[in-house]
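Inspection log for the structure reproduced underneath, given as C-alpha coordinates.
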Amino acid sequence: MPGDVNINFDPTKPVTVMVEKIANLIGAVGAPAQIKRIAKAESEALLIRTDAENKAKKLELIAEQDRELVERTFHRIAYEETRKQENIESITTLALPQLDDDAKPENVDDDWLLNFLEKCRITSSAEMQQLWARILAGQANNPGEFSKRTVNFVAELDKSEAEQFTTLCRYCWNGKPLIYDVHHPIYTDNGINFQMLSHLDHIGLITFSPIGGYRFDFATLEDIGIAEYFGQTSAIRFREGRTSLSFGHVMMTQTGVQLEPICNATPVPGFRDFIHEQWREEGVTIIPDDHISERPDGSISIGKE
(Lines give C-alpha, C1' and ligand atoms only; values in the text may rest on other atoms or scores of the structure.)
Protein backbone atom coordinates (compact mmCIF):
# COMPACT_ATOMS: atom_id res chain seq x y z
CA MET A 1 0.00 0.00 0.00
CA PRO A 2 1.29 3.49 -0.72
CA GLY A 3 1.66 5.98 2.06
CA ASP A 4 -1.37 7.97 3.11
CA VAL A 5 -2.09 11.01 0.98
CA ASN A 6 -2.99 14.27 2.68
CA ILE A 7 -6.12 15.44 0.86
CA ASN A 8 -8.74 17.95 1.92
CA PHE A 9 -12.05 16.13 1.49
CA ASP A 10 -14.19 19.10 0.53
CA PRO A 11 -17.49 17.63 -0.74
CA THR A 12 -17.35 19.91 -3.79
CA LYS A 13 -13.82 18.88 -4.81
CA PRO A 14 -13.15 16.34 -7.61
CA VAL A 15 -11.22 14.14 -5.17
CA THR A 16 -14.22 13.76 -2.89
CA VAL A 17 -16.58 13.25 -5.81
CA MET A 18 -14.33 10.48 -7.16
CA VAL A 19 -14.13 8.69 -3.80
CA GLU A 20 -17.88 8.90 -3.30
CA LYS A 21 -18.60 7.72 -6.86
CA ILE A 22 -16.48 4.62 -6.38
CA ALA A 23 -17.95 4.04 -2.92
CA ASN A 24 -21.47 4.22 -4.34
CA LEU A 25 -20.56 1.51 -6.86
CA ILE A 26 -18.67 -0.92 -4.63
CA GLY A 27 -19.34 0.47 -1.14
CA ALA A 28 -15.77 0.22 -0.02
CA VAL A 29 -13.56 3.23 -0.68
CA GLY A 30 -12.93 6.05 1.79
CA ALA A 31 -10.29 8.63 2.47
CA PRO A 32 -6.76 7.29 1.91
CA ALA A 33 -6.06 7.19 5.67
CA GLN A 34 -8.94 4.75 6.09
CA ILE A 35 -7.96 2.25 3.45
CA LYS A 36 -6.37 -0.42 5.64
CA ARG A 37 -9.20 -0.26 8.17
CA ILE A 38 -11.78 -0.57 5.39
CA ALA A 39 -10.04 -3.58 3.85
CA LYS A 40 -9.93 -5.31 7.24
CA ALA A 41 -13.56 -4.48 7.92
CA GLU A 42 -14.60 -5.83 4.52
CA SER A 43 -12.81 -9.09 5.25
CA GLU A 44 -14.47 -9.45 8.65
CA ALA A 45 -17.86 -8.54 7.22
CA LEU A 46 -17.48 -11.18 4.53
CA LEU A 47 -16.81 -13.83 7.15
CA ILE A 48 -19.73 -12.66 9.29
CA ARG A 49 -22.14 -12.68 6.37
CA THR A 50 -20.96 -16.10 5.30
CA ASP A 51 -21.36 -17.44 8.82
CA ALA A 52 -24.83 -16.00 9.13
CA GLU A 53 -26.11 -17.26 5.80
CA ASN A 54 -24.36 -20.58 5.40
CA LYS A 55 -22.09 -21.77 8.13
CA ALA A 56 -24.48 -21.88 11.09
CA LYS A 57 -27.04 -24.07 9.30
CA LYS A 58 -24.82 -26.26 7.15
CA LEU A 59 -21.70 -27.04 9.14
CA GLU A 60 -23.61 -29.11 11.72
CA LEU A 61 -24.84 -31.38 8.92
CA ILE A 62 -21.54 -32.30 7.32
CA ALA A 63 -18.59 -34.41 8.36
CA GLU A 64 -15.58 -32.94 10.19
CA GLN A 65 -13.38 -33.10 7.09
CA ASP A 66 -16.02 -31.26 5.06
CA ARG A 67 -16.32 -28.66 7.80
CA GLU A 68 -12.58 -28.01 7.62
CA LEU A 69 -12.80 -27.74 3.84
CA VAL A 70 -15.57 -25.17 4.10
CA GLU A 71 -13.57 -23.22 6.70
CA ARG A 72 -10.58 -23.13 4.39
CA THR A 73 -12.82 -22.01 1.53
CA PHE A 74 -14.22 -19.17 3.61
CA HIS A 75 -10.75 -17.99 4.56
CA ARG A 76 -9.50 -18.25 0.96
CA ILE A 77 -12.41 -16.18 -0.30
CA ALA A 78 -11.87 -13.60 2.43
CA TYR A 79 -8.15 -13.41 1.64
CA GLU A 80 -8.70 -13.08 -2.12
CA GLU A 81 -11.40 -10.44 -1.75
CA THR A 82 -9.30 -8.48 0.72
CA ARG A 83 -6.36 -8.43 -1.71
CA LYS A 84 -8.63 -7.26 -4.52
CA GLN A 85 -10.08 -4.57 -2.26
CA GLU A 86 -6.61 -3.38 -1.27
CA ASN A 87 -5.61 -3.22 -4.95
CA ILE A 88 -8.64 -1.10 -5.85
CA GLU A 89 -8.02 1.28 -2.99
CA SER A 90 -4.29 1.51 -3.65
CA ILE A 91 -4.97 2.44 -7.28
CA THR A 92 -7.61 4.95 -6.21
CA THR A 93 -5.19 6.51 -3.72
CA LEU A 94 -2.54 6.87 -6.43
CA ALA A 95 -5.06 8.45 -8.81
CA LEU A 96 -6.47 11.08 -6.46
CA PRO A 97 -3.47 13.49 -6.46
CA GLN A 98 -3.49 13.39 -10.28
CA LEU A 99 -6.99 14.85 -10.58
CA ASP A 100 -7.16 18.34 -12.06
CA ASP A 101 -9.00 21.07 -10.18
CA ASP A 102 -11.61 21.09 -12.93
CA ALA A 103 -11.86 17.28 -13.24
CA LYS A 104 -15.36 15.89 -13.71
CA PRO A 105 -15.39 12.43 -12.12
CA GLU A 106 -19.17 12.66 -11.84
CA ASN A 107 -19.29 12.45 -15.65
CA VAL A 108 -17.39 9.16 -15.78
CA ASP A 109 -19.82 6.52 -17.03
CA ASP A 110 -20.80 4.04 -14.30
CA ASP A 111 -20.49 1.07 -16.65
CA TRP A 112 -16.98 2.20 -17.62
CA LEU A 113 -16.00 2.60 -13.96
CA LEU A 114 -17.44 -0.76 -12.92
CA ASN A 115 -15.51 -2.44 -15.73
CA PHE A 116 -12.35 -0.56 -14.71
CA LEU A 117 -12.66 -1.68 -11.08
CA GLU A 118 -13.35 -5.26 -12.12
CA LYS A 119 -10.23 -5.33 -14.31
CA CYS A 120 -7.77 -3.44 -12.09
CA ARG A 121 -8.53 -5.27 -8.83
CA ILE A 122 -6.26 -8.24 -9.60
CA THR A 123 -3.20 -6.02 -10.12
CA SER A 124 -0.69 -6.03 -7.26
CA SER A 125 2.41 -4.86 -9.18
CA ALA A 126 3.36 -1.35 -8.04
CA GLU A 127 4.35 -0.32 -11.57
CA MET A 128 1.13 -1.56 -13.12
CA GLN A 129 -0.93 0.05 -10.37
CA GLN A 130 0.66 3.35 -11.35
CA LEU A 131 -0.53 2.78 -14.92
CA TRP A 132 -4.05 1.95 -13.76
CA ALA A 133 -4.05 5.07 -11.58
CA ARG A 134 -3.09 7.28 -14.53
CA ILE A 135 -5.94 5.78 -16.55
CA LEU A 136 -8.44 6.44 -13.76
CA ALA A 137 -7.23 10.01 -13.26
CA GLY A 138 -7.16 10.63 -17.00
CA GLN A 139 -10.74 9.45 -17.37
CA ALA A 140 -11.87 11.72 -14.52
CA ASN A 141 -9.96 14.69 -15.94
CA ASN A 142 -11.38 14.11 -19.41
CA PRO A 143 -14.31 11.64 -19.41
CA GLY A 144 -14.09 9.50 -22.53
CA GLU A 145 -10.29 9.68 -22.72
CA PHE A 146 -9.95 5.91 -22.42
CA SER A 147 -12.28 3.41 -24.05
CA LYS A 148 -13.54 0.27 -22.35
CA ARG A 149 -11.56 -1.65 -24.98
CA THR A 150 -8.33 0.00 -23.79
CA VAL A 151 -9.15 -0.84 -20.16
CA ASN A 152 -9.75 -4.48 -21.12
CA PHE A 153 -6.48 -4.49 -23.05
CA VAL A 154 -4.47 -3.21 -20.09
CA ALA A 155 -5.96 -5.99 -17.94
CA GLU A 156 -4.18 -8.51 -20.20
CA LEU A 157 -0.94 -6.51 -20.49
CA ASP A 158 2.16 -8.00 -18.88
CA LYS A 159 4.56 -5.77 -17.00
CA SER A 160 7.32 -6.58 -19.54
CA GLU A 161 5.01 -5.61 -22.41
CA ALA A 162 4.19 -2.33 -20.70
CA GLU A 163 7.92 -1.67 -20.35
CA GLN A 164 8.49 -2.44 -24.04
CA PHE A 165 5.74 -0.04 -25.04
CA THR A 166 7.22 2.67 -22.82
CA THR A 167 10.58 2.12 -24.54
CA LEU A 168 8.93 2.58 -27.92
CA CYS A 169 7.22 5.78 -26.74
CA ARG A 170 10.64 7.31 -26.10
CA TYR A 171 10.78 7.71 -29.90
CA CYS A 172 7.43 9.49 -30.29
CA TRP A 173 7.05 12.84 -32.02
CA ASN A 174 3.55 14.30 -31.82
CA GLY A 175 2.47 10.94 -30.44
CA LYS A 176 3.92 9.02 -33.41
CA PRO A 177 6.90 6.66 -33.03
CA LEU A 178 9.54 7.51 -35.64
CA ILE A 179 11.23 4.18 -36.36
CA TYR A 180 13.32 4.20 -39.54
CA ASP A 181 16.22 1.71 -39.73
CA VAL A 182 15.42 -0.74 -36.91
CA HIS A 183 19.05 -1.92 -36.96
CA HIS A 184 20.53 1.55 -36.32
CA PRO A 185 22.29 1.89 -32.93
CA ILE A 186 20.02 4.82 -31.95
CA TYR A 187 17.30 2.16 -31.68
CA THR A 188 19.11 -1.05 -30.82
CA ASP A 189 21.15 0.56 -28.02
CA ASN A 190 17.88 1.42 -26.27
CA GLY A 191 16.02 -1.86 -26.64
CA ILE A 192 14.24 -1.47 -29.99
CA ASN A 193 14.51 -4.49 -32.28
CA PHE A 194 12.53 -6.43 -34.88
CA GLN A 195 11.25 -9.03 -32.40
CA MET A 196 10.03 -6.40 -29.93
CA LEU A 197 8.18 -4.44 -32.60
CA SER A 198 6.65 -7.63 -34.00
CA HIS A 199 5.38 -8.54 -30.54
CA LEU A 200 3.84 -5.11 -29.90
CA ASP A 201 2.17 -5.48 -33.30
CA HIS A 202 0.90 -8.96 -32.38
CA ILE A 203 -0.72 -7.84 -29.12
CA GLY A 204 -2.38 -4.82 -30.75
CA LEU A 205 -0.48 -1.72 -29.62
CA ILE A 206 1.12 -0.85 -32.96
CA THR A 207 1.13 -1.73 -36.62
CA PHE A 208 4.66 -2.67 -37.72
CA SER A 209 5.40 -2.58 -41.44
CA PRO A 210 9.04 -3.62 -41.98
CA ILE A 211 8.55 -3.24 -45.73
CA GLY A 212 7.12 0.11 -46.76
CA GLY A 213 6.13 2.67 -44.19
CA TYR A 214 3.95 5.58 -43.17
CA ARG A 215 3.93 9.34 -43.58
CA PHE A 216 3.92 12.07 -40.94
CA ASP A 217 1.26 14.76 -41.49
CA PHE A 218 2.39 18.00 -39.88
CA ALA A 219 0.49 20.82 -38.34
CA THR A 220 1.48 23.65 -40.66
CA LEU A 221 2.13 27.36 -40.38
CA GLU A 222 2.03 28.44 -44.05
CA ASP A 223 4.82 26.33 -45.63
CA ILE A 224 6.34 25.38 -42.26
CA GLY A 225 5.65 22.15 -40.40
CA ILE A 226 5.64 22.08 -36.61
CA ALA A 227 6.58 18.96 -34.63
CA GLU A 228 7.35 18.38 -30.98
CA TYR A 229 9.63 15.94 -29.17
CA PHE A 230 9.23 15.92 -25.36
CA GLY A 231 8.52 19.64 -25.17
CA GLN A 232 11.07 20.69 -27.78
CA THR A 233 9.51 22.25 -30.87
CA SER A 234 11.03 21.66 -34.30
CA ALA A 235 10.09 23.66 -37.38
CA ILE A 236 10.52 22.30 -40.90
CA ARG A 237 10.30 24.38 -44.06
CA PHE A 238 8.75 22.37 -46.87
CA ARG A 239 9.30 22.77 -50.57
CA GLU A 240 6.81 22.63 -53.43
CA GLY A 241 3.77 22.58 -51.16
CA ARG A 242 4.64 19.38 -49.32
CA THR A 243 3.27 19.00 -45.79
CA SER A 244 4.28 15.44 -44.90
CA LEU A 245 7.37 13.29 -44.45
CA SER A 246 8.06 9.61 -43.97
CA PHE A 247 7.89 8.58 -40.32
CA GLY A 248 9.18 5.05 -40.70
CA HIS A 249 7.71 1.64 -40.14
CA VAL A 250 5.52 1.89 -37.02
CA MET A 251 2.07 3.35 -36.48
CA MET A 252 0.08 3.37 -33.23
CA THR A 253 -3.25 1.58 -33.02
CA GLN A 254 -6.11 3.38 -31.29
CA THR A 255 -5.22 1.60 -28.05
CA GLY A 256 -1.61 2.69 -28.43
CA VAL A 257 -2.69 6.28 -29.10
CA GLN A 258 -4.69 6.33 -25.86
CA LEU A 259 -1.91 4.82 -23.76
CA GLU A 260 1.07 6.74 -25.18
CA PRO A 261 0.51 9.99 -23.21
CA ILE A 262 0.45 8.18 -19.83
CA CYS A 263 3.34 5.76 -20.20
CA ASN A 264 5.88 8.19 -18.62
CA ALA A 265 8.48 7.77 -21.35
CA THR A 266 11.68 9.83 -21.35
CA PRO A 267 13.54 11.28 -24.37
CA VAL A 268 16.41 9.44 -26.03
CA PRO A 269 19.62 11.52 -26.01
CA GLY A 270 20.59 12.51 -29.54
CA PHE A 271 17.36 11.30 -31.12
CA ARG A 272 16.10 14.76 -32.03
CA ASP A 273 19.28 15.47 -34.00
CA PHE A 274 19.02 12.03 -35.62
CA ILE A 275 15.49 12.78 -36.82
CA HIS A 276 16.48 16.21 -38.11
CA GLU A 277 19.12 14.52 -40.26
CA GLN A 278 16.57 12.01 -41.54
CA TRP A 279 14.29 14.85 -42.60
CA ARG A 280 17.11 16.78 -44.27
CA GLU A 281 17.72 13.73 -46.44
CA GLU A 282 14.13 14.13 -47.69
CA GLY A 283 14.99 17.62 -48.92
CA VAL A 284 13.46 19.88 -46.26
CA THR A 285 15.08 22.63 -44.21
CA ILE A 286 15.27 22.47 -40.40
CA ILE A 287 14.76 25.95 -38.97
CA PRO A 288 17.26 26.75 -36.18
CA ASP A 289 15.92 26.60 -32.64
CA ASP A 290 16.78 30.24 -31.93
CA HIS A 291 14.38 31.28 -34.72
CA ILE A 292 11.44 29.59 -32.99
CA SER A 293 9.55 31.36 -30.22
CA GLU A 294 6.27 30.96 -28.39
CA ARG A 295 3.74 33.78 -28.29
CA PRO A 296 1.81 34.64 -25.08
CA ASP A 297 -1.22 32.75 -26.42
CA GLY A 298 0.86 29.57 -26.81
CA SER A 299 1.12 29.71 -30.60
CA ILE A 300 4.47 29.39 -32.38
CA SER A 301 6.25 32.24 -34.11
CA ILE A 302 9.01 31.68 -36.67
CA GLY A 303 11.68 34.35 -37.11
CA LYS A 304 13.97 34.94 -40.04
CA GLU A 305 16.31 32.15 -41.08
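Name the residue that is farthest from Gln254 (Cα to Cα), counting only residues in region 158-183 that are touching a residue at least 40 places away in the same chain (Cβ under 8 Å) and assigned to a loop (DSSP other than H, G, I, E, B).
The extreme case among them is Val182.
Can you find even one residue in region 205-213 that is at pLDDT below 90, among the aromatic types (Phe, Trp, Tyr) and in contact with a strand residue (DSSP E or B) (Cβ under 7 Å, 6 or more places away or on another chain)?
no
Quick one: Asp289 ticks every box in (1) at pLDDT below 90; (2) within 30 Å of Ala137 (Cβ to Cβ) bar one, so which box is it?
Status for Asp289: all satisfied but (2).
How many of the residues in region 99-142 are over 11 Å from the mean Cα position of the chain (by Cα), of a type in the set (Lys, Arg) and assigned to a helix (DSSP H, G or I)?
1
Quick one: is Asp181 open to solvent by 70 Å² or more (accessible area, probe 1.4 Å), touching a helix residue (DSSP H, G or I) at 6+ places or on another chain (Cβ under 8 Å) and within 16 Å of Phe274 (Cα to Cα)?
yes
Being β-branched (Val, Ile, Thr) and assigned to a helix (DSSP H, G or I) is the filter here; which residues of region 269-286 pass it?
Ile275
For Phe153, indicate whether it is in contact with a helix residue (DSSP H, G or I) (Cβ under 6 Å, 6 or more places away or on another chain), modelled with pLDDT of 95 or more and more than 29 Å from Gly212 (Cβ to Cβ).
No.
When region 167-217 is examined, which residues are found to be β-branched (Val, Ile, Thr) and under 23 Å from Glu228 (Cβ atoms)?
Thr167, Ile179, Ile186, Ile192, Ile206, Thr207
Does at least one position in region 226-246 carry a residue that is modelled with pLDDT of 90 or more, farther than 28 Å from Ile302 by Cβ and of a type outside the set (Lys, Arg)?
Within region 226-246 (the criterion being modelled with pLDDT of 90 or more, farther than 28 Å from Ile302 by Cβ and of a type outside the set (Lys, Arg)), the answer is no, since none of the residues qualifies.
Is there a residue being open to solvent by less than 50 Å² (accessible area, probe 1.4 Å) and assigned to a helix (DSSP H, G or I) anywhere in region 220-240?
There is no residue in region 220-240 that is open to solvent by less than 50 Å² (accessible area, probe 1.4 Å) and assigned to a helix (DSSP H, G or I).
The values are calculated or read from the model by the stated rules, or taken from the named source; none is laboratory data. Since we're looking at a predicted model, the values are computed, not measured. Positions of Cβ are backbone-derived with ideal geometry, glycine not excepted, and every protein chain shown enters the neighbour counts. The area values use the complete protein model at the heavy-atom level, side chains included, leaving out ligands, DNA and RNA. Shrake-Rupley method; radii C 1.70, N 1.55, O 1.52, S 1.80 Å.
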